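One structure below.
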């Protein structure tokens with residue numbers, strides 16, 4: 001079956017196979033039904049998890065053994081409920097944005113800043129710091145040498161809008177500006193993005209709505 005990015009709580013994972021990287025998306029429990037993404041380097045078998053959000057047993061079973069790293073996209077509690085258990089079971093190195101790490105109650109081994117690179121196996125991810133949903137949110141970019149870019153946006157970008165800024169005008173302005181200049185202005189329309197909740201989309205599908213999002217203020 002072709003990858004669509006559609007997953008349901010308690011349902012099967014969705015698997016996308018690229019030349020160098022395999023992306024596995026699962027929906028895990030809790031109030032908000034978060035997405036978690038397991039990335040595996042096809043050449044070396046090295047693995048990295050984005051957001052150990054919930055359902056530790058499900059994630060540990062999905063990992064199936066060694067996990068090299070786990071990245072927490074931001075400090076909100078629904079994105080790290082399984083983090084302690086996953087790290088205890090796998091010994092994975094933990095990563096998080098520098099400004100959000102103090103809000104995550106599991107030690108962050110490596111603090112991440114804007115434009116930092118994270119390596120596992122033969123795979124490189126680029127960190128993009130976006131401010132507004134939280135002070136230290138990070139998106140993660142994989143530039144597929146054999147295809148289009150792949151972008152993991154946490155709660156900063158969804159189909160239909162940017163992340164929740166709780167009515168704070170300054171936070172919204174910061175987030176929409178960052179999303180526009182660091183994502184939409186830099187990356188092509190065929191960039192596929194994977195959010196922290198719900199379905200995926202592409203930058204091209206969302207680009208025509210940027211002015212509408214800015215005008216409505218959320």
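The sole residue among 27, 6 that is in contact (Cβ under 8 Å) with a residue 12 or more places away in the chain, under 24 Å from residue 137 (Cα atoms), touching a strand residue (DSSP E or B) at 6+ places or on another chain (Cβ under 8 Å) and surrounded by fewer than 17 Cβ atoms within 10 Å (Cβ to Cβ) is 6. Taking (1) assigned to a strand (DSSP E or B); (2) under 20 Å from residue 76 (Cβ atoms); (3) in contact (Cβ under 8 Å) with a residue 60 or more places away in the chain in turn, residue 127 satisfies each apart from (3).
Which residue is farthest from residue 180 (Cα to Cα), if the candidates are limited to region 136-149 and must be touching a strand residue (DSSP E or B) at 6+ places or on another chain (Cβ under 8 Å) and assigned to a loop (DSSP other than H, G, I, E, B)? Here the residue is 144.
Taken together, the values in this text are just the output of simple stated rules run on the coordinates, not laboratory data. Everything numeric in this text was worked out from a predicted model, so none of it was measured. All Cβ positions, glycine included, derive from the backbone under ideal geometry; neighbour counts span all protein chains shown.
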